[in-house]
Amino acid sequence: MLIRSGKLKSRTAKGGGGGPALAYSPVVFLMGDSQSLANLSAADQAAAVAAYGVTDKIKILNASNQFVTYTPGTIAGLHFGGNVGNVGQEIGIIQKFRATYPNDTLYIVKDSFSGSHQTRGIGVGTANVTSTGNANITVNSGTLNNGDLIVGSGIETGVYLPFGGFLSKVGLAGGRTGAAFGPVSATRYAGNASWSNAEGLCYNGYGGAINNGVRARLVAALPLLTNPRIVAVQYNLGTNDALNNVAATYATELDAFVARLGSDVDLSHAVWNLVRWANAGAGASAVRTALANKASANPSKFKIIDTDGYTRWDTTHWDLAGQTAIGVAGYANITF
C-alpha cells in the first residue's frame, strides 16, 4: 500500500501570521533501538517532563494507532507496540518546530525496541529441526519460540515462526512454502529484535516482528491525517550491531530497509537523519562505514548526525542534552 502525500507549497512565510503556514500535515518518523526510545536517567527524564509545555499542536502516535497530544511522562511514543513516556530526540525537533511554525501541528511517529539490531542480531539458542516441506517443521531436540528466526543448512533465508501452534499445523495462510530440509542443526535468532526485512520476507505479515509491526502502524496511521507528508526519518540503529559485532551485513540490511519502507509509504519529501553511533564496539567500523557510504551516495537525502561529541549518562545512552542536540541537528536537515 503506497500512501501519497500532497506536494503543495507553503502558503505563507515561516512563523507568525494568523494561521497555518504549511499546506500539509508534517510527519516525523523516529525509529530504532533504545537510543530512539530513549532511555534517560531518572533525573533527566523528570527534568524534561517538568520543563515541557503541553500543546495540542504536537501530536504523537500511540499504541492504539491514534494521534494524541504529546505529553512526555504519559505518552511520548511506543516501545515495541506499548505506550511509554520516555523523552528523546523529538524534544529538540519540537523546540525548533514550535518556534518556526507556531500555528501548525507536527505529527510524530516514534517506535523502537531496546536492544534491537538492523541485522539479524545475535543467536539465542539452537535446535535440531526437520521439515517435510511447506509449513511442517518438526523439532527433534532443543526448543523453538514464537518469533524465532531459524538459520541452518537447507533452510531458506528468512524463516520466522510467526504464531502459536505453527509447528503442528500445515498449509496455514502466511506459512512457509519452502522445500523439505533436515534433520539440521538450526541457530535461533530473536526475530522480534531485528529490523531486517531481508530476513523477514517469508513472513512479512507477522506483526510480532518490530520491522513488520512498525511499518504496518505507519501505513495505517497516515490516512488519519489530512494531506500527510513524511518530512524526516530519524534513524537510530547500529549501537547493538556494533557492540555485539554482528554488523557484517549491516550495509545490505540498511539498503533493504530503506527500499522497503519507501515501498510502503511516500518518502519523496523525507530526509533520512542517520544518527551515528560512537566509535565503540568491535562492529563499530562496519556500521560507521555503511552510514558514511549511504550518505555520500545521496547527500541530499541522507545526512549523518555525528554524535561523537555528545555525552552519555551511562556507558551507552545519550543524556538529555545529547538527545536534544541530536533532535536539533536532525531538524536542521528538514525541508518544510
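The values are calculated or read from the model by the stated rules, or taken from the named source; none is laboratory data. Values in this document were obtained by computation on a predicted structure and should not be read as measured data. Cβ coordinates were reconstructed from backbone atoms using ideal geometry, including for glycine residues, and neighbour counts include every protein chain displayed.
Quick notes on this one:
- Scan of region 179-194 for residues that are in a strand (DSSP E or B) and either farther than 10 Å from Gly121 by Cβ or among the basic types (Lys, Arg) (or both), ordered by number: Phe181, Gly182, Pro183, Val184, Ser185, Ala186, Thr187, Arg188
- Residue that is surrounded by the most Cβ atoms within 10 Å (Cβ to Cβ), among those in region 27-50 that are in contact with a strand residue (DSSP E or B) (Cβ under 9 Å, 6 or more places away or on another chain) and of a type in the set (Ser, Thr, Tyr): Ser36
- Residue check for Arg98: in contact with a Ser or Thr (Cβ under 8 Å, 6 or more places away or on another chain), more than 19 Å from Trp195 (Cβ to Cβ) and of a type in the set (D, E, K, R): yes
- In the condition set (1) surrounded by fewer than 19 Cβ atoms within 10 Å (Cβ to Cβ); (2) of a type in the set (D, E, K, R); (3) assigned to a helix (DSSP H, G or I), Asp308 is compliant with all but (3).
- Pair list, Cβ under 6 Å, 6 or more apart: region 64-86 residue farther than 21 Å from Gly208 by Cα and not assigned by TED's automatic domain parsing to the domain that holds Leu106, other residue assigned to a loop (DSSP other than H, G, I, E, B) and hydrophobic (A, V, I, L, M, F, W, C): none
- When residues of region 205-261 are limited to those that are more than 12 Å from the chain's Cα centre (by Cα) and of a type in the set (S, T, N, Q), the one nearest to Ser116 (Cα to Cα): Asn240
- Considering residues of region 259-281 that are modelled with pLDDT of 95 or more and in a loop (DSSP other than H, G, I, E, B) only, the residue nearest to Ala38 (Cα to Cα): Ala270
- Residue within region 312-320 that is in a loop (DSSP other than H, G, I, E, B) and without any contact (Cβ under 8 Å) to a residue 24 or more places away in the chain present: yes
- Checking each residue in region 131-156 for being crowded, with 16+ Cβ neighbours inside 10 Å and either in a strand (DSSP E or B) or among the aliphatic types (A, V, I, L, M) (or both) picks out Ser131, Ala135, Asn136, Ile137, Leu144, Asp148, Leu149, Ile150, Val151, Ile155.
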